[in-house]
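Trainee: Before I ask anything, here is the structure I am working with.
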Amino acid sequence: MKILKTLEDAKLIIVDLEVNLGNQKRSAPTLCAQYDGKIIPLSTAHDGRPILMNMDNAIE
């Protein structure tokens, strides 16, 4: 692994995130990154790989 750069204006936050699962709504505290005015839920592969910050999942 290699660090390419450090994102100075990013911060970790915990939000109460609501999602739709079929016809049900569920919510839970979720670890997110706040970056560039957006909130990005963080996800992991559960196998020891690093947590991914996918900008495609950003919430305005």
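Trainee: Can you find a residue in the range 20-37 that is touching a Ser or Thr at 6+ places or on another chain (Cβ under 8 Å) and outside any loop (DSSP other than H, G, I, E, B)?
Mentor: Filtering the range 20-37 for residues touching a Ser or Thr at 6+ places or on another chain (Cβ under 8 Å) gives none.
Within the range 20-37, not a single residue is touching a Ser or Thr at 6+ places or on another chain (Cβ under 8 Å) and outside any loop (DSSP other than H, G, I, E, B).
Trainee: I would also like to ask the following. Here are some conditions: (1) in a loop (DSSP other than H, G, I, E, B); (2) open to solvent by less than 60 Å² (accessible area, probe 1.4 Å). Leu17 meets all but one. Which one does it not meet?
Mentor: The failed condition is (1).
Trainee: Another question about this same structure. Taking the condition open to solvent by 60 Å² or more (accessible area, probe 1.4 Å) and either touching an Asp or Glu at 6+ places or on another chain (Cβ under 7 Å) or assigned to a loop (DSSP other than H, G, I, E, B) (or both), does Asp47 pass?
Mentor: On the way: open to solvent by 60 Å² or more (accessible area, probe 1.4 Å): yes; either touching an Asp or Glu at 6+ places or on another chain (Cβ under 7 Å) or assigned to a loop (DSSP other than H, G, I, E, B) (or both): yes.
So Asp47 fits the description; yes.
The values are calculated or read from the model by the stated rules, or taken from the named source; none is laboratory data. Only a predicted model underlies this, so the values are computations on that prediction, with no experimental measurement involved. All Cβ positions, even for glycine, are placed from backbone atoms using ideal geometry, and neighbour counts span all protein chains on display. Remember, those area values only see protein heavy atoms, side chains included, never the ligands or the DNA or RNA. Shrake-Rupley method; radii C 1.70, N 1.55, O 1.52, S 1.80 Å.
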